[in-house]
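Chemist: Here you go, one structure.
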């Protein structure tokens with residue numbers, strides 16, 4: 001979004017904003033409060049960069065002759081109230097955003113938690129790799145065991161076998177991995193919930209794997225597992241991508257929604273996406289991307305139901321996210337058919353259910369007045 005000018009008069013700002021829309025130039029009219037002049041300033045923000053120059057020309061023409069009849073447009077009352085209600089909002093709204101701008105405690109908290117968890121998990125991975133490098137990639141860290149949404153009995157048996165297998169100096173890495181596979185072959189027969197995705201593939205191949213109870217650890221009282229897969233990350237690129245998007249989207253939401261409600265929003269989206277992903281693929285998934293998509297869906301909906309809140313996220317960003325998720329979905333579908341028809345070992349291992357589910361639940365929460373603009377918490 002780009003600011004092309006401002007008006008001290010709300011009626012003029014409203015008239016010019018409507019004129020731009022009649023020309024196909026989407027814009028937002030925001031109110032700010034000037035403490036020195038003790039009055040309001042109405043800024044015009046153009047959404048698309050390629051429309052900026054044309055909008056600026058119209059702005060100069062309007063300033064030179066605001067009474068020109070060509071700037072008078074007729075907008076239906078329903079459209080007018082939906083699109084320009086920002087002009088009629090109380091003048092303290094923009095001031096509240098400015099007061100809240102320097103501090104983002106909720107954003108910093110989740111950033112810090114994800115980074116610290118990633119560092120601890122990486123140290124544990126390095127320790128396992130140093131102790132037994134030939135099978136390190138096959139075992140989960142203690143932190144992952146504690147934070148995944150579930151930890152089946154077969155997982156602990158599997159880890160114990162791997163960790164207790166000490167290779168001799170004569171063993172090659174290939175021999176070690178083959179030995180481990182033989183020892184853990186029986187472990188796969190221990191029942192645990194593998195998810196709908198795996199069940200469909202096995203059904204198509206005519207195979208029958210044992211299944212077991214769901215949410216074992218959660219039913220034992222470890223309810224944090226419903227959310228904690230979101231704060232785990234696989235590698236540096238994974239966490240960098242998610243934390244950059246958390247920074248971009250989290251700031252916009254925290255400027256406009258009370259902190260307690262932001263935490264509730266993140267928890268609801270995280271739990272919802274984790275449960276959906278667990279039902280689809282079983283317990284072994286991680287990452288904050290489901291929450292990220294929930295935030296994007298939330299902002300997208302707020303722009304439609306409450307445009308006066310002024311979320312400055314352009315259509316280009318939404319298009320990028322949609323294309324990104326679409327590309328991952330295509331890859332997942334290709335992986336599914338490859339496994340279903342036995343065309344080779346090609347597993348995308350992507351938590352697309354969390355991505356799509358996050359966008360949906362975020363949009364649904366965005367329709368709720370509970371998460372609308374609220375006064376600054378003092």
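The values are calculated or read from the model by the stated rules, or taken from the named source; none is laboratory data. All of these numbers come straight from a predicted model, not from anything done at the bench. So basically every Cβ, Gly included, is an ideal-geometry build from the backbone, and we count neighbours across all protein chains shown.
Chemist: For residue 253, which of the numbered conditions (1) at pLDDT below 65; (2) under 30 Å from residue 310 (Cα atoms) fails to hold?
Modeler: (1)
Quick grid of which residues meet (1) farther than 21 Å from residue 372 by Cβ; (2) at pLDDT below 85; (3) assigned to a loop (DSSP other than H, G, I, E, B):
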residue: 15; (1), (2), (3): yes, no, no
residue: 19; (1), (2), (3): yes, no, no
residue: 31; (1), (2), (3): no, yes, no
residue: 44; (1), (2), (3): yes, no, no
residue: 58; (1), (2), (3): yes, no, no
residue: 62; (1), (2), (3): yes, no, no
residue: 75; (1), (2), (3): yes, yes, yes
residue: 80; (1), (2), (3): no, yes, no
residue: 95; (1), (2), (3): no, yes, no
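Chemist: Looking only at helices (runs of 4 or more DSSP H) that fall completely inside region 215-289, which ones have 3 or more residues that are buried (at least 21 other Cβ atoms within 10 Å of the Cβ)?
Modeler: Answer list for region 215-289: 236-254, 259-281.
Chemist: Another one. With the structure loaded, tell me whether residue 223 is within 21 Å of residue 357 (Cβ to Cβ) and without any contact (Cβ under 8 Å) to a residue 24 or more places away in the chain or whether it fails that test.
Modeler: For residue 223, the condition - within 21 Å of residue 357 (Cβ to Cβ) and without any contact (Cβ under 8 Å) to a residue 24 or more places away in the chain - is met.
Chemist: Does region 315-338 hold any residues that are within 16 Å of the chain's Cα centre (by Cα) and closer than 30 Å to residue 25 by Cβ, and which are they?
Modeler: Within region 315-338, 317, 318, 319, 320, 321, 322, 323, 324, 325, 326 qualify.
Chemist: Let me ask something else. Please go through (1) part of a helix (DSSP H, G or I); (2) at pLDDT 70 or above; (3) under 20 Å from residue 20 (Cα atoms) for residue 121 and return the number of the only condition it doesn't satisfy.
Modeler: All conditions pass for residue 121, except number (3).
Chemist: Here's a follow-up. Within the group 110, 148, which residue is crowded, with 19+ Cβ neighbours inside 10 Å, modelled with pLDDT of 65 or more and assigned by TED's automatic domain parsing to the domain that holds residue 277?
Modeler: Result: 110 is the single residue among 110, 148 that is crowded, with 19+ Cβ neighbours inside 10 Å, modelled with pLDDT of 65 or more and assigned by TED's automatic domain parsing to the domain that holds residue 277.
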